[in-house]
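Engineer: One structure, pasted below without further comment.
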There are 2 protein chains.
Amino acid sequence: MWPCSDPLMAVATVAIAFTVVLGPRWFVTATHSENPDRITSLPNQPTTVNFHQYSGYVIVNEKKGRALFYYFVEAETKAAYKPLVLWFNGDTLAGCSSLGGGALIEHGPFKVNGESLIQNHYSWNTEANMLYVESPAGVGFSYSNNTAFYSNITDVVSAEDNFMFLQRWFQKFPQYKGRDLYIAGEAYAGGHYVPLLAQRIHNSNLKIKLKGIAIGNPLLDIQVDANALDQYWWSHGLISDAAFHLLNSVCNASRLVTEGITSSLSPHCIFVATNVSKELSPAIDYFDVVAGDACPSVNASEFADLDRNDPLRFTLFRDFLHGQSTREDRDPCVGEFVAKYLNRKDVQKALHAKVVGFSEWRRCRLRKEWKYDLRNRLVPTIDIVGALVKSKIRVLVYSGDQDSALPFTGTRTLVDSLAKSLDLYPTERYRAWFADKKVGGWTQAYGKFLSFAIVRGASQRTAQTQPKRSLLLFKSFLAGKPLPEA
Amino acid sequence: MWPCSDPLMAVATVAIAFTVVLGPRWFVTATHSENPDRITSLPNQPTTVNFHQYSGYVIVNEKKGRALFYYFVEAETKAAYKPLVLWFNGDTLAGCSSLGGGALIEHGPFKVNGESLIQNHYSWNTEANMLYVESPAGVGFSYSNNTAFYSNITDVVSAEDNFMFLQRWFQKFPQYKGRDLYIAGEAYAGGHYVPLLAQRIHNSNLKIKLKGIAIGNPLLDIQVDANALDQYWWSHGLISDAAFHLLNSVCNASRLVTEGITSSLSPHCIFVATNVSKELSPAIDYFDVVAGDACPSVNASEFADLDRNDPLRFTLFRDFLHGQSTREDRDPCVGEFVAKYLNRKDVQKALHAKVVGFSEWRRCRLRKEWKYDLRNRLVPTIDIVGALVKSKIRVLVYSGDQDSALPFTGTRTLVDSLAKSLDLYPTERYRAWFADKKVGGWTQAYGKFLSFAIVRGASQRTAQTQPKRSLLLFKSFLAGKPLPEA
């Protein structure tokens, strides 16, 4: 089928020769050309692409017809020696795509620029083989043939589907099964999907080398995370002393969120939400509060089902509950270009993707068509993270400091408390870390397996707003090294 | 002396004709060519300068030989109809120049670019006649022939000198005596020099039309302002939960500062200062904490007398007490260019300036050569501000939200408390204000004469880091209008 002059075949031949010395992985990675999920080329991609891309479906439940879509980019160089990193975006309010978010907006090899793809110089595939999963079913190109699935998705179901996904993905890519594995994600996905999947893998008998997890601006414990909101808003100018006082004395944010989720809103909390939300400007990007301004068209479309004139719903759903950024500001409204690109028929064909059950690919699903059980937000996952640390799985918890939806302050407190409860003493005192001789953020490490880092000047989507600093953080994490001190 | 074809004489002739209709001010503003303080041209200034500049000395104490230097720029257009605004930089730790700071770095008509002056498109002289005063003696080009003066300067002396300055300046510029007057300044100057001078003017019998004051990131009450530090540092990532806890439970910042000033440091506070300062990175610009990185050369020179290796002194003097920004970051180390420019002999000649008693012009004086009584920092001035409000003098208190030395949070609380104590109800609820359809900050107004505004994305030197937003704020203040709502 392939002529002998095919450079890939030549590489394969050399690889076979090396196999004797280096073991079997060289051989199997050389078989990519036979993989039906291999992407020949993405429409309008840069001409110089020196790594392999794959995408397609993994059926996670035959009976119910659920299949998860993935996009896999091998490392730019020495893929066979680099770890495998699974990335999750996701949200319980509006399921958000890892392909459209993590890959195409944050740290994938390409960014969407108008109708073209351009190279991302800070792509995480310079350091690892990156596997972006659209999860749960209904998100992005992932689907369920049984649409009743969408009406009540839970953490248990999504963790099980993600676990099944990984096992079956390894059947497609057996050369990666023995590879060092890291799982990463942000916001709700970082706090729930990632720890739950890591726990599931760790408790299984499968020979998967799970080395660590990296979770960004994660929702770990709503009692701490939600109550960090008032304090963050107040200390960053968004609300007045009076509003802050109301939240502190009448109904705090975690109570407000809890009452909202359990449909038991008290008059006290309605009063507070109504008053506070009058101060919260719709022009602010709450996921990038210092630098960002909201993208008007995103507001118009992605929040179409939220009544912006109803302060209570607005506050509850947009600001308190919506833990996944759907705004873009440094590159305003880039989400629109991503959606346009991924809705092109030629792009879907190249990706082996299809839109099932929805009219179009959307980066985040509307709440009316896709409902994750919001009560899962009330279940803390910080102890699962603690159990992983105890099992010697490396945990990096990091935060973009400009996110007011899941503020670093709450996350930092949770990590610090976790360390204390595990009797871990700081192995690295709280200090600034550096990128390019500038302060890239702050960091602290506890024992050998737990560390915390702030990415300075970053939104919830750290790698979008601070790509260089985020790549350095990612690289240090994979290497198990402290962040630079100068 | 002037040929008849001199265009200024022609203007004067026309002006005299208009005097009959418009009253005397046209006439007197037309006499500027006879004023010996008039600046013909500043070396390397832009070729198109359409306003008049003056500078020189006003003797404020003949007996002791004290003279204050001023730089006055008339409004770009319709100077005769625009108010007079007095601007003060200043600091009790390191006396800082209004010419080198306010005028040449913040909101004057020119900025220093290498060896040249370039136009500042957001100069405040588009809205007002700006009078920059270097005060007290010893600051910038101002001097005292009796150098003993420098060993113990106080608020009382500086207010009296500033008051004398203004009276005698009006003798030089009688056309401005009846003009609407505003006084503005920032940091220590905003909290002390400005309110004290305003009070002195108001209590005098002089017919000066003092309309309002505008004070930026002012030190108004150290009990509130200093205690806002810990909270701000913690909520912006600079210190850990542990350090925050130490400050909250063992020795808070206002106690630390007070003990430092009164030379009564307790072991508890030394312990806290030592531990906290280990976390505070010297690479951070504490006056622009979100965006800025410290200027290394400024650290090396302007803080030469502070031992950076002594954490206590470092913390106390650099971070807690030093209420005047001496860093520049958006335009790194611009202070150096300013100092080079103002130390040129041709520049000093053009400015009618001289360096008396010091080896060179410096933007900020070193503590060893110039000592303001730091105990003045312990005296609250918030009630003086309240008295001005009661006297129907308009007060704008504003804050750059990136300053961690005099954080907006403490200032906002002080203004809110002042309004309550004066029984002023909000006439403008706490809300975002807009510049260029982006959120320029937040604002609140109380009664007719008191308002508060945050300038978003601004350092302590608001007009340097957010020139457009600051000019809009200044314009609205002078017009007595609320900030734009959209």
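Engineer: Which distance in Å, rounded to a whole number, links the C-alpha centroids of the stretch B:359-379 and the stretch B:165-216?
Structural biologist: Value for the Cα centre distance between the two parts: 23 Å.
Engineer: Measuring label to label, 7 Å along Cα→Cβ, what does B:Tyr81 give against each other copy in nm, shortest first?
Structural biologist: Spelled out, the distances from B:Tyr81's label point are 7.5 nm.
Engineer: If you draw the axis that swings chain B onto chain A, which residue of B has its Cβ closest to it, and how far is that in whole Å?
Structural biologist: B:Ser235, 2
Engineer: Label chain A by shape, choosing from rounded, prolate and oblate, from the square roots a ≥ b ≥ c of the eigenvalues of the Cα gyration tensor; if a/c is under 1.5 it is rounded, and otherwise prolate applies when a/b is larger than b/c, oblate when it is not.
Structural biologist: prolate
Engineer: Place the label 7 angstrom along Cα→C-beta at B:Ala486 and in each other copy, then list the distances from the first to the rest in nm, shortest first.
Structural biologist: Shortest to longest, the spacings are 5.4 nm.
Engineer: Which percent, to the nearest 5, of DSSP beta bridges fully inside chain A are antiparallel?
Structural biologist: Working: 35 of 63 bridges.
Taking every DSSP beta bridge with both residues in chain A, the antiparallel ones total about 55 percent.
Engineer: Quick one: of the DSSP bridges fully inside the protein assembly as shown, what percent are antiparallel, nearest 5? Could you put the intermediate results ahead of the total?
Structural biologist: Values: 70 of 126 bridges.
Within the protein assembly as shown, antiparallel bridges account for around 55 percent of the total.
Engineer: Residue by residue through the stretch B:247-256, which ³J(HN,Hα) values in whole Hz follow from phi under the Karplus form 6.51 cos²θ - 1.76 cosθ + 1.60 (θ = phi - 60°), with glycine and proline marked x?
Structural biologist: Once rounded to whole Hz, the list reads 5, 7, 10, 9, 7, 7, 5, 5, 5, 4.
Engineer: Here is a further query. Once you've got the Cα coordinates, tell me which of A:Lys207/A:Lys371; A:Lys209/A:Lys448; B:Lys354/B:Lys475; B:Lys349/B:Lys475; B:Lys82/B:Lys172 are over 25 Å apart.
Structural biologist: On the way: A:Lys207/A:Lys371 34 Å; A:Lys209/A:Lys448 18 Å; B:Lys354/B:Lys475 34 Å; B:Lys349/B:Lys475 33 Å; B:Lys82/B:Lys172 18 Å.
Where the Cα-Cα span goes over 25 Å, the pairs concerned are A:Lys207/A:Lys371; B:Lys354/B:Lys475; B:Lys349/B:Lys475.
Engineer: Whole angstrom only: what separates the Cα centroid of the stretch A:61-140 from the Cα centroid of the stretch A:469-486?
Structural biologist: A separation of 21 Å, based on Cα centres.
Engineer: Give the angle, between 0 and 90 degrees and rounded to the nearest 10, that separates the Cα long axis of helix B:408-421 from the longest principal axis of the Cα atoms of chain B.
Structural biologist: Helix B:408-421 sits at roughly 80 degrees to that axis.
Engineer: Once phi is turned into ³J(HN,Hα) by the Karplus curve 6.51 cos²θ - 1.76 cosθ + 1.60 with θ = phi - 60°, what whole-Hz value does each residue of the stretch A:352-365 show in order, with x for glycine and proline?
Structural biologist: The phi angles translate into 6, 10, 8, 9, 10, x, 10, 6, 7, 6, 10, 5, 10, 7 Hz.
Engineer: Something else about it: What is the gain in length, in nm to one decimal, between A:Gln348 and A:Lys390 on full extension, counting 0.36 nm per residue of separation less the C-alpha to C-alpha distance?
Structural biologist: On the way: separation 42, 0.36 × 42 = 15.12 nm, distance 4.27 nm.
Stretched out fully, the A:Gln348 to A:Lys390 stretch lengthens by 10.8 nm.
Engineer: Set the Förster distance to 51 Å, then compute FRET efficiency between B:Thr47 and B:Glu428 from the Cβ-Cβ distance, nearest 0.05. Numbers along the way, then the final one.
Structural biologist: Numbers: r = 43 Å, r/R0 = 0.85.
After rounding to 0.05, the efficiency reads 0.75.
Engineer: Per residue of the stretch A:423-439, in order, report the coupling 6.51 cos²θ - 1.76 cosθ + 1.60 (Karplus, θ = phi - 60°) as ³J(HN,Hα) in whole Hz, putting x for Gly and Pro.
Structural biologist: 6, 9, 9, x, 9, 9, 5, 4, 7, 6, 10, 10, 9, 6, 6, 10, 5
Engineer: On to the next question. Using the alpha-carbon atoms, what tilt in degrees (0 to 90, nearest 10) does helix B:194-203 show relative to the longest principal axis of chain B?
Structural biologist: 60 degrees
Engineer: While we're here: Taking amide H positions as placed in the peptide plane 1.01 Å from N, state which residues far from A:Trp433 in sequence (5 or more) or on other chains have amide H under 5 Å from it.
Structural biologist: Residues meeting the criterion, in which the H sits 1.01 Å from N, are A:Gly440, A:Gly441, A:Trp442, A:Thr443.
Engineer: Assume the label is 7 Å from Cα along Cα to beta carbon: what separations in nm does A:Asn50 have to the matching positions in the other copies?
Structural biologist: Result for A:Asn50, in nm, nearest copy first: 5.5.
Engineer: Angle check, please: helix A:7-22 long axis (alpha carbons) against the longest principal axis of chain A (alpha carbons), in degrees 0 to 90, nearest 10.
Structural biologist: Result, in degrees: 90.
Engineer: Of the options A:Asn343, A:Leu378, A:Ala353, report the single residue whose Cα projects farthest towards the positive end of the charge dipole of the stretch A:331-403 (beta-carbon charges: Lys, Arg +1; Asp, Glu -1).
Structural biologist: About the Cα centre, the residue reaching furthest to the positive side is A:Ala353.
Engineer: List the residues whose amide H sits under 5 Å from the amide H of B:Ile183, counting only those 5 or more places along or on another chain, with H placed 1.01 Å from N in the peptide plane.
Structural biologist: The list, which skips near neighbours in sequence, is B:Leu86, B:Gly212, B:Ile213, B:Ala214.
Engineer: Moving on. With +1 on the Cβ of every Lys and Arg and -1 on the Cβ of every Asp and Glu, and nothing else charged, how large is the dipole of chain B about its Cα centre, in debye rounded to the nearest 20?
Structural biologist: Working: 52 positive and 46 negative charges, 282 e Å.
In debye, rounded to 20, chain B gives about 1360.
Engineer: Does the stretch A:74-204 come out rounded, prolate or oblate by the C-alpha gyration tensor, with a ≥ b ≥ c the root eigenvalues, rounded set by a/c under 1.5 and, if not, prolate when a/b is larger than b/c and oblate if not? Kindly include the intermediate steps, with their values, before the conclusion.
Structural biologist: On the way: a/c = 1.91, a/b = 1.20, b/c = 1.59.
Note, shape of the stretch A:74-204 comes out oblate.
Bear in mind that the values in this text are calculations on the coordinates, not laboratory data. These numbers come from a predicted model, not from an experiment. As a convention, Cβ positions derive from the backbone with ideal geometry for all residues, glycine included, and neighbour counts pool all protein chains shown.
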